[in-house]
Amino acid sequence: MATRIERIRRLGLAVHRRGGFQYVSSRLSGVILPRHADAMPASWADRVIAKERRVNSRPWHEQTSDQGPPRSRFSIAGLNDDPTDWKLAATEAAINIEHAARRTGLHAADLLFDEAHRTASFARADRADLRHDTRAFETARNEDRKRLARDTGLDVLHRQRILELLQEERQKTEVWYAPIDFGRGIVAGGDWSTETGTGRWDYLNGPLVAPYVRGKRVLELGTNNGVGGLMMLKAGASHVSAIEYEVWFADTARLAQRIFSWADLHNYQLDVKQGDMRAILPAELPEFDVVSAYCSLYYLSEDEMAQIVQKAASLAGTLILQSNDFKHNGRDTLRRKQASTEYTRALALNNGFRTVDVHQPQGYPRALLIAKR
Ligand SMILES: C[S@@+](CC[C@H](N)C(=O)[O-])C[C@H]1O[C@@H](n2cnc3c(N)ncnc32)[C@H](O)[C@@H]1O
């Protein structure tokens, strides 16, 4: 079998050694690529940082998705935007930008806040350390976050703090509804299942939903701890505005956004709004590409469900719904009817959508329905 280097040579590429790292250069493009993402030379990281800086110094509404803290795309009466201290959100976002370029050794003294755009950046990150070894990098970035928490007085997340916060969640009387596997050995929530949380995303929703949300703006209704919105962002959605009625659940969604952003070194644009989704009915909203409601519409009346779907049809070309055929199984309740796949499909078809694809593995209660206008 051809070795990797032989295969690279056959493709017309050449392997170089420089500064202890191997690089692959292309005769066609002349570009030099480090063979491993970890093996980033200073010049490479400088270019990444320079690009990040250029983008990050723009006003927030011109920034791309992974720059800075999540931003609200709209505000309307009855929906409460993120109460988190903006300096905390901006600081965590700035740390992620530096760490994504493998720069560690960040100090509070170098932190600059831009009050007008509610962003932050590190003034002297050019002089920060570059860490290539994954273990050394992980240790250094955790130390950075701990030091910044101590020196700024902000509740900046780091591994121990995340574990502490999730432990506190476990002790509360409210139930963490859907289990989340954040990666990096961090999990939250109770019984693991393919019916809720990241288990459901991996089992059913992920591969079906991803092609519809990549690069798109999503309005997510009844988000609970934000897992649906966050998994859509992980699948490449550019921005998710997520509405959740319960204050405590909305707070867990904001925490989940921060933990995923820490885990992936990417500032996921989940804009959590606490309040009643029915507030969108009379409101003027920006355009969305997709509206999603995973197992959340059937808490409304039949009439309200219809109105929300009509509103969705006026906002976006695609509506993604999740039903639940086992809701109140055995009992002939109205909720059971409204949650059913049959009812959900007819709901979309009767209220502004022309086609509905139903995805339901045999025996699985929560069908995924993708409706198109
Ligand atoms: C069964 S959970 C599903 C949560 C999430 N979509 C998921 O699939 O993991 C339903 C969620 O919808 C929320 N909800 C119910 N009625 C709502 C309303 N009128 N406005 C906003 N959220 C609502 C509930 O608080 C709850 O978090």
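Can you find a residue that is more than 16 Å from residue 73 (Cα to Cα) and more than 9 Å from the ligand (Cβ to nearest atom) anywhere in segment 285-292?
Among the residues of segment 285-292, not one is more than 16 Å from residue 73 (Cα to Cα) and more than 9 Å from the ligand (Cβ to nearest atom), which makes the answer no.
Every residue in segment 260-311 that is touching a residue at least 60 places away in the same chain (Cβ under 8 Å), aromatic (Phe, Trp, Tyr) and assigned to a helix (DSSP H, G or I), please.
The answer is 260, 262, 299.
I need the full set of residues from segment 159-191 which are without any contact (Cβ under 8 Å) to a residue 60 or more places away in the chain, among the acidic types (Asp, Glu) and part of a loop (DSSP other than H, G, I, E, B), in order please.
Within segment 159-191, 191 is the sole residue that qualifies.
Identify, by number, the condition in (1) within 13 Å of the ligand (Cβ to nearest atom); (2) at pLDDT 95 or above; (3) over 21 Å from residue 369 (Cα atoms); (4) not aliphatic (A, V, I, L, M) that residue 248 doesn't meet.
The failed condition is (2).
Evaluate segment 318-332: report whether one residue or more is surrounded by fewer than 21 Cβ atoms within 10 Å (Cβ to Cβ), within 13 Å of the ligand (Cβ to nearest atom) and part of a helix (DSSP H, G or I).
No.
For segment 102-137, which residues satisfy the criterion of being out of contact with any Lys or Arg (no Cβ under 6 Å at 6 or more places or on another chain), in a loop (DSSP other than H, G, I, E, B) and crowded, with 23+ Cβ neighbours inside 10 Å?
Residue satisfying the conditions is 106 alone.
Which numbered condition trips up residue 215, out of (1) buried (at least 24 other Cβ atoms within 10 Å of the Cβ); (2) within 16 Å of the chain's Cα centre (by Cα)?
The failed condition is (1).
Restricting attention to segment 261-268, does a residue exist that is within 16 Å of the ligand (Cβ to nearest atom) and surrounded by 24 or more Cβ atoms within 10 Å (Cβ to Cβ)?
Pass one, segment 261-268, residues within 16 Å of the ligand (Cβ to nearest atom): none.
Looking for residues that are within 16 Å of the ligand (Cβ to nearest atom) and surrounded by 24 or more Cβ atoms within 10 Å (Cβ to Cβ), one finds none in segment 261-268, hence no.
Taking the conditions exactly as written (surrounded by fewer than 20 Cβ atoms within 10 Å (Cβ to Cβ) and within 11 Å of the ligand (Cβ to nearest atom)), does residue 203 satisfy them or not? If you could, list the steps in order and put the result at the bottom.
Numbers: surrounded by fewer than 20 Cβ atoms within 10 Å (Cβ to Cβ): yes; within 11 Å of the ligand (Cβ to nearest atom): no.
No: the conditions fail for residue 203.
Taking into account only those residues within segment 222-242 that are in a loop (DSSP other than H, G, I, E, B) and within 11 Å of the ligand (Cβ to nearest atom), which is nearest to the chain's Cα centre (by Cα)?
At the first step, the residues of segment 222-242 found to be in a loop (DSSP other than H, G, I, E, B) are 222-226, 235-238.
Retained after the next criterion (residues that are within 11 Å of the ligand (Cβ to nearest atom)): 222-226.
Numbers: 222: 16, 223: 12, 224: 14, 225: 12, 226: 9 Å.
For segment 222-242, the residue satisfying everything is 226.
Considering only segment 218-245, how many residues are crowded, with 24+ Cβ neighbours inside 10 Å, without any contact (Cβ under 8 Å) to a residue 40 or more places away in the chain and within 15 Å of residue 177 (Cα to Cα)?
Here the count works out to 1.
Somewhere in segment 162-178, is a residue within 14 Å of the ligand (Cβ to nearest atom) and surrounded by 19 or more Cβ atoms within 10 Å (Cβ to Cβ)? Write out each step before concluding.
In the first step, residues of segment 162-178 are kept if they are within 14 Å of the ligand (Cβ to nearest atom); the result is 174-178.
Next cut, surrounded by 19 or more Cβ atoms within 10 Å (Cβ to Cβ) only: 176, 178.
For segment 162-178, residues within 14 Å of the ligand (Cβ to nearest atom) and surrounded by 19 or more Cβ atoms within 10 Å (Cβ to Cβ): present.
Which of the residues spanning segment 339-363 are surrounded by 14 or more Cβ atoms within 10 Å (Cβ to Cβ) and either modelled with pLDDT under 95 or of a type in the set (Gly, Ala, Ser) (or both)?
339, 340, 348, 352
The values are calculated or read from the model by the stated rules, or taken from the named source; none is laboratory data. Model, not experiment: these values are computed from the prediction. Please note: Cβ atoms are built from the backbone with ideal geometry, for glycine as well, and neighbour counts cover all protein chains shown.
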